[in-house]
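Reading through the structure tokens given below for one structure.
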Amino acid sequence: MTTSSVKSRMVSFDDGDQRFQMRAAGIAIRHGHVLVHRPTGDRQWTLPGGRVDLGETSAETVAREMVEELGQVVSVGRLVFIGENFFSLDGRMVHEFALFYEMTVPEAFPFLSDEVCHRVRDGNNDLEFRWVPTDPQRLSALPLRPAPLQTRLASLPSATELFAVRFGS
């Protein structure tokens with residue numbers, strides 16, 4: 001069986017009203033702003049990315065998701081954060097293992113300070129993207145999730161950092 005004939009499967013499973021998922025996302029910083037996204041109308045913003053497919057590295061996930069969501073081939077850099085995130089979504093308790101990589105988005109991708117710069121349909125969601133200053137007060141006002149990122153994006157650590165956050169803390 002060739003790779004192209006294998007249906008992709010996200011690294012995710014449900015157990016009653018609980019879900020485990022593995023996510024990979026990119027940290028794109030340009031002119032002191034970080035690229036964030038959300039489903040249109042949602043209150044919370046996240047770094048762009050998605051669930052890892054079985055057999056795919058997390059860095060490959062970031063690259064694939066950016067082609068799908070931004071229509072851009074990005075350069076994926078080093079792993080910056082590992083996050084273990086526990087939250088509620090649509091009445092389900094979610095345990096998410098997330099990997100956050102530096103990434104460079106081509107200059108051709110639009111930059112608008114604090115305005116929606118890109119929209120795309122992704123599955124059942126309409127996503128909107130914007131560049132937001134990396135200032136922790138601005139990121140917490142969005143709000144950006146997971147919350148530990150709000151204070152860590154203004155100055156990225158030189159070594160990979162691990163954080164865990166339980167249910168909005």
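What do you reckon, is GLU56 within 15 Å of the chain's Cα centre (by Cα) and either part of a strand (DSSP E or B) or surrounded by 14 or more Cβ atoms within 10 Å (Cβ to Cβ) (or both)? Spell out the reasoning first.
Numbers: within 15 Å of the chain's Cα centre (by Cα): no; either part of a strand (DSSP E or B) or surrounded by 14 or more Cβ atoms within 10 Å (Cβ to Cβ) (or both): yes.
Here the answer is no, as GLU56 does not meet what is asked.
Among the residues of the range 124-164, the one identified as touching a helix residue (DSSP H, G or I) at 6+ places or on another chain (Cβ under 6 Å) and farther than 28 Å from PRO110 by Cβ is PHE163. Each residue in the range 89-135 was checked for being in a loop (DSSP other than H, G, I, E, B) and not small (Gly, Ala, Ser), and 13 of them qualify. Only residues that are in contact (Cβ under 8 Å) with a residue 60 or more places away in the chain and over 20 Å from ASN125 (Cβ atoms) were counted across the range 48-98, and they come to 11.
Is it the case that the range 71-85 has a residue that's buried (at least 20 other Cβ atoms within 10 Å of the Cβ), touching a strand residue (DSSP E or B) at 6+ places or on another chain (Cβ under 6 Å) and not in a strand (DSSP E or B)? Checked against the condition, which is being buried (at least 20 other Cβ atoms within 10 Å of the Cβ), touching a strand residue (DSSP E or B) at 6+ places or on another chain (Cβ under 6 Å) and not in a strand (DSSP E or B), the range 71-85 yields at least one hit.
This table checks each residue for (1) modelled with pLDDT of 90 or more; (2) in a strand (DSSP E or B); (3) in contact with a helix residue (DSSP H, G or I) (Cβ under 7 Å, 6 or more places away or on another chain).
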{"position": "SER8", "(1), (2), (3)": "no, no, no"}
{"position": "ASP14", "(1), (2), (3)": "no, yes, no"}
{"position": "ARG23", "(1), (2), (3)": "yes, yes, no"}
{"position": "VAL34", "(1), (2), (3)": "yes, yes, no"}
{"position": "ARG38", "(1), (2), (3)": "yes, yes, no"}
{"position": "GLY50", "(1), (2), (3)": "yes, yes, yes"}
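The values are calculated or read from the model by the stated rules, or taken from the named source; none is laboratory data. Since this is a predicted model, take the numbers as computed values, not measurements. Cβ coordinates were reconstructed from backbone atoms using ideal geometry, including for glycine residues, and neighbour counts include every protein chain displayed.
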